[in-house]
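Notes for the one structure printed next.
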Amino acid sequence: NPNTRQSKSEFFQTIVASLAATGNAYISPIESPVENNKFTHLFALRPDKITTQRVTNDTSRVRSYDFATAAGMKSIAPDKMCHIRHQWLTDEVDGYAAVNSAWESLTTFSGLQRLVRKILDNSGGIPGMLVFSSKEGMSEEQRTQMQEYVNRFKLDGDKFGELLMADVGDGDLKFVALAGNMSGMDQKATKADSAREICLSWGVPP
């Protein structure tokens, strides 16, 4: 086996998945101190944790690969790293992922997912802000108190899900929405269009 944590099939599946999703796959050979420093294990590193450092004034050469670990950044020399990549178009060092052609569609699809989730977390409410108008304006103390009060209605607040009520005396308090009405968005069609474009980039039926 390449290492003690993965079977051969799991190791190669990791490499293929990394290459397909990001255009890059990184294999780090580990030397054994008890076997005359021979390479005895192979580990597949996550591409999203790798930062390529290039030689100054020569971007086609790699100075080192910086790998983010729990203990901090670890610098790996080019001769101690096996870098597998797809064809490159504008970059001589990093790969070109097959999914790049559908990046805009992926962004749209993921954005819709996050937006719906945020609105559900907000009890179906549209994000917005409270606007206070009066001749005297709001003092700093009042502003702080209002902010603390509004925070209680957020997802982790003790008033989450309740209707916000505020007594502002002679001032005028109104709610200004910072996002459009969800009923006016054709989410289903938008998601279907972006999903079709993603599938076409991979050559599979929607």
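The values are calculated or read from the model by the stated rules, or taken from the named source; none is laboratory data. These numbers were taken from a predicted model, which means no experiment stands behind them. In this analysis, Cβ positions are derived from the backbone assuming ideal geometry, glycine residues included, and neighbour counts consider all displayed protein chains. SASA here: full protein model, heavy atoms, side chains in, ligands and nucleic acids out. Shrake-Rupley method; radii C 1.70, N 1.55, O 1.52, S 1.80 Å.
The residue that is farthest from the chain's Cα centre (by Cα), counting only those in the range 39-53 that are surrounded by fewer than 18 Cβ atoms within 10 Å (Cβ to Cβ) and assigned to a helix (DSSP H, G or I), is Lys49.
In the range 93-125, of all residues being more than 30 Å from Ser64 (Cβ to Cβ) and part of a loop (DSSP other than H, G, I, E, B), the one that is modelled with the highest pLDDT corresponds to Asn122.
Starting from residues that are of a type in the set (D, E, K, R) and surrounded by fewer than 12 Cβ atoms within 10 Å (Cβ to Cβ), keep the ones in the range 135-153 and report whichever is modelled with the lowest pLDDT. Can you show your working first?
Here is the first cut: in the range 135-153, the ones of a type in the set (D, E, K, R) are 135-136, 140-141, 143, 148, 152.
With the extra rule that they be surrounded by fewer than 12 Cβ atoms within 10 Å (Cβ to Cβ), the set shrinks to 135-136, 140-141, 148.
Values: Lys135: 69, Glu136: 72, Glu140: 82, Glu141: 83, Glu148: 81.
It comes out as Lys135.
Checking each residue in the range 54-65 for being assigned to a strand (DSSP E or B) and open to solvent by 30 Å² or more (accessible area, probe 1.4 Å) picks out Arg54, Val55, Asp58, Thr59, Ser60, Arg61, Val62, Arg63.
Can you find even one residue in the range 71-87 that is basic (Lys, Arg), open to solvent by less than 70 Å² (accessible area, probe 1.4 Å) and either within 28 Å of the chain's Cα centre (by Cα) or modelled with pLDDT under 90 (or both)? Looking for residues that are basic (Lys, Arg), open to solvent by less than 70 Å² (accessible area, probe 1.4 Å) and either within 28 Å of the chain's Cα centre (by Cα) or modelled with pLDDT under 90 (or both), one finds none in the range 71-87, hence no. Checking the range 176-183 against the condition returns no match, with no residue being at pLDDT 60 or above and surrounded by 10 or more Cβ atoms within 10 Å (Cβ to Cβ). Kindly check whether there is at least one residue in the range 7-28 that is more than 19 Å from Tyr96 (Cα to Cα), in contact with a Leu (Cβ under 6 Å, 6 or more places away or on another chain), in a strand (DSSP E or B) and modelled with pLDDT of 90 or more. For the range 7-28, residues more than 19 Å from Tyr96 (Cα to Cα), in contact with a Leu (Cβ under 6 Å, 6 or more places away or on another chain), in a strand (DSSP E or B) and modelled with pLDDT of 90 or more: present.
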